[in-house]
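The values are calculated or read from the model by the stated rules, or taken from the named source; none is laboratory data. Here the structure is a predicted model, which is why all the values come from computation and not from measurement. With ideal geometry, Cβ positions are generated from the backbone for all residues, glycine too; neighbour counts draw on all protein chains shown.
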Amino acid sequence: MSKNIVDEVIRFANETDTEMVLIPSRRQVDWNGGYVNNWTTEEFVNYVRSRTSNVIIERDHGGPVL
C-alpha cells in the first residue's frame, strides 16, 4: 500500500459510490508513524475520512480503527 493507492481507492469509491475497505498493517500505519507516508493511525484515519465516507478502515486483525 502507498499514498497513491490510498488516493486511488478514495477516488474510485467516490466516483462509483462503492463502499471499499482499506486494511493497513501495523507497520504500514502505526501509532507513531508507519512506512506509508509516515502516517500515524490518527493521521491516516483523518486523511481518509476527510475525503470520503465510502471507505471503511480496519486493522489487519479484523477490528475497526478508532
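Tell me, which residue of the range 40-54 that is of a type outside the set (Asp, Glu) and more than 14 Å from residue 7 (Cα to Cα) is surrounded by the most Cβ atoms within 10 Å (Cβ to Cβ)? Only one residue fits best here, namely 41. As an exercise: evaluate residue 63 against (1) exposed (fewer than 12 other Cβ atoms within 10 Å of the Cβ); (2) at pLDDT 95 or above and give the number of the one condition it does not meet. Only one criterion is unmet by residue 63, namely (2).
Each residue in the range 4-39 was checked for being assigned to a loop (DSSP other than H, G, I, E, B), loosely packed, with under 14 Cβ neighbours inside 10 Å and among the β-branched types (Val, Ile, Thr), and 1 of them qualify.
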